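Derivation of every value follows stated rules applied to the coordinates shown; laboratory data play no part. Quick caveat: nothing in here was measured; it's all calculated off a predicted structure. When we count neighbours, we look across all protein chains shown, and the Cβ atoms used for this are built from the backbone with ideal geometry, even at glycine.
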Amino acid sequence: MRAVIETDGLGKRYRRRWALTDCTLSVPAGHVVGLVGPNGAGKTTLLSLVTGLLAPDAGTIEVLGGTPGAGQAQLARVGFLAQDAPVYARLSVADHLKLGARLNPGWDAELARGRVDRLDLDPGQKAGTLSGGQRAQLALTLAVAKRPELLVLDEPVASLDPLARREFLADLMEAVAEHELSVVLSSHLVADLERVCDYLIVLVGSRVRVAGPVDELLAAHHLLTGPRRDPATLPDGLEVVSASHTDVQTTLLVRTSGPVLDPAWTVSEVALEDLVLAYMSQAAGRRRRDHHHLEVQK
Amino acid sequence: MIWLTWRQFRVQAFTAAAALAAFAILLAATGPHLASLYAASGITGCHGGTCGVAASDFLSRLAATGPYPIVYLLGIGLILVAPAIVGIFWGAPLIARELETRTFTLAWNQSITRTRWLLVKLTLTGLAAMAVTEALSLIYAWWADPIGKAIGLLGLGDGSSSHPFEGQFSSVIFATHGITPLGYAAFAFALGTATGALIRRTVPAMAVTLAIFAAAQVAMPLGVRPHLIPSDRTIVTIESAGLDFGNLTATVVPGQPGAWLISSSAINAAGQPVSDLPAACQAAFSGLKPSSPGACLESHGFREVIAYEPASRYWPLQGIETGIFLALALALAGFCFWRLGRRRT
């Protein structure tokens, strides 16, 4: 299958700080990709590189086989909804649709009008007076009606209340099904993504920790519970993502390609949220150790 | 993109059109009367020495008549500040506001490259800025035409006399007439846009734009304009130079009506510059006949050295000054393209 996003050693630096490092990904087409990570992990940076708003400082990136943001044709193929869905406050809803119609050769006017009607947006209303949910819907309408092949959404639901959140995601999924879009959306909450994503990228501390189809990720990770023992004594092929110990018991989240045969362990399935949290805390732990190491050196 | 540019710009465009219309109405209301005063002054149809007298009378009467000195100065002031206003309110927010409100994520993700986005915005808004400023200048030139003619008859280039009216080479008249307003407007607008692209915040960009533009407006007549074309030099008699005995400088360039007197100084018989009245002539100066120092200086072999630009260099100087500002504007616009092209948002 063709890749919608193909990166190799991709990196982006702001002054001296790397916001994204050594990012190598190959995201196949036809997925709804969740990009998850804590605030400041580099999600917006990665999405800005995908849309071409930023240029990389290291490595390469191809989106739908082309250089992001290079030329009108490439821009037409990617729709983007930025964080907090910025719109022109002094332009009306109708003005925004006209803007989309004027600036996009592939504009689907019927789709846009239909969405605005269905969402009950008043065409004459100034966009600055819309609620957060309405603003997000308007921005999504602009992004969808240009009929892109890939839709990129940066924290689309972060500023919405739970009801608006659910409505927005349901509406998004409808559009995806209808127009056969590939989608990448980011969030710092797994719960937002769990219902809609079938592909997951976990980004923590400017690095990709794990990426893959959700069902494969769930199949490859297990929660092991057993008598207390040192994780270092585990057999090869088991990669420990996180470990916690009590006096008598050890709980491990491991990644493995095959089944776990050791009868000492009770094997159970992992929820997606636990899996993501394990990778997040693993990264956090590493950073704490690095920090500690530095302090010792001083 | 033209539609979007217009849609985002139309409030400013209407404001500018309203200001232009108000100015035009003010001038239209006072202009015909000014022209009738000129017609009645006896300047038309004068010959020889009567012209200077008639022109002088006309200007003195005008200076004392109701609104004319005020409208005269107001017009100059408006044409001087118009480019600054354009730079601050049209230029500075052009990119900075998009960055500040993050709407660039919307604008630059439509099926249009940001180079084209910027090209259309800069071209349309920039041309509007130049058109408005030049329109102000042209209707003002129509209104002030009788005044300019009268000053021309007096042979004053940059001359200031008792009235507020000044010649074509005076600092403010030169920058508000002819084609220079085009250059100033383009420069101020591009400066505002570039400052906004660099600072990325609208209000600080506005302040910086104003500071830099005001500095350029002062630096041009004081430091640059006199050197655009090497000035001519002439050595004349003390009497003909209409000497100001206070600092021994000339007030006219003899035989060069309408010339721009850039600098002048007295030299003694040996050709050395002198800055003070020689002792021998002090008595004459403080004596009963104040006109005698001239004769005294003449008799001691003093003469006046004058550096000037002849009136015929008015349009070449206008062309060069406008060209400088247009070139600066293009360079600043180029910077904006480079800045956006680097994709560091």
### Query
Taking the C-alpha atoms of segment A:3-205, how large are the radius of gyration and the largest Cα-Cα span, Dmax, in Å?
16.4, 48
### Query
With no solvent and one point per C-alpha, what does the Debye sum give as log10 I(q)/I(0) for the protein assembly as shown at q = 0.05, 0.06, 0.10 Å⁻¹?
-0.42, -0.54, -0.96
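What ranking do A:E180, B:E321 get, fewest neighbouring Cβ atoms within 10 angstrom at the top?
Numbers: A:E180 9, B:E321 22.
Exposure proxy ranking, most exposed first: A:E180, B:E321.
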### Task
Have a look at A:R135, A:R229, A:R147 and tell me which one the Gaussian network model of chain A (Cα, springs below 10 Å) gives the largest fluctuation.
A:R229
### Task
Count, for each residue of B:98-107, the Cβ atoms from other chains sitting within 10 Å of its Cβ, then give me the mean as a whole number.
5
### Message
Can you sort A:R16, B:R10, B:R97 from fewest to most other Cβ atoms within 10 Å of each residue's own Cβ?
### Response
A:R16, B:R10, B:R97
#### Entry: Nearest 10 degrees, 0 to 90: helix A:93-103 Cα axis against chain A principal axis
90
#### Entry: Compactness relative to 2.2 N^0.38 Å, alpha carbon Rg of segment B:77-219
1.27
### Task
Obtain the nm distance between the two label points defined at A:V196 and B:S299 by a simple spin-label model: each point lies 7 Å from its Cα along the Cα-to-C-beta direction.
10.2
### Query
Are there cysteines in chain B with no second cysteine's Cβ under 4.7 Å away, and if so, which?
B:C336
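Across peptide A:79-87, how many C-beta atoms of other chains are within 10 Å of each residue C-beta, on average?
Values: counts 3, 5, 3, 6, 2, 2, 3, 8, 4.
Mean shielding count: 4.
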### Task
With runs of 4+ DSSP H residues as the only contributors, calculate the mean residue ellipticity of chain B at 222 nm using -39,500 (n - 2.57) per run, divided by the residue total and rounded to the nearest 500.
-21000 deg cm²/dmol
### Message
Using only Cα atoms and rounding to the nearest 10 degrees, what angle (0 to 90) does helix B:68-86 make with the longest principal axis of chain B?
### Response
40
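In cubic angstrom, how much convex hull volume per residue do the alpha carbon atoms of chain B span?
Output value, Cα hull per residue: 161 Å³.
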### Query
List the aspartates and glutamates whose alpha-carbon lies under 17 Å from that of B:K121, not counting same-chain residues fewer than 8 positions away?
B:E98
### Message
I want to check a number: in segment A:3-205, how many lysine pairs have alpha carbons closer than 24 Å, given a sequence separation of 8 or more or different chains?
### Response
5
## Note on the structure
Most exposed first, judged by fewest Cβ atoms within 10 angstrom, A:D122, A:D247 run A:D247, A:D122
## Note on the structure
Eigenvalues of the alpha-carbon gyration tensor of segment B:232-311, times 5 and square-rooted, give semi-axes in Å, largest first, of 22, 13, 9
### Message
Please report the antiparallel percentage of the DSSP beta bridges confined to the protein assembly as shown, to the nearest 5.
### Response
75
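Note the per residue figure in Å³ for the convex hull of the C-alpha positions in segment B:59-134. Intermediate values should be presented prior to the final figure.
Details: hull volume 6.9 nm³, N = 76.
That works out to 91 Å³ per residue.
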### Message
Taking the 0 to 90 degree range and rounding to the nearest ten, how far is the long axis of helix A:272-297 tilted relative to the main principal axis of chain A, both from C-alpha atoms?
### Response
70
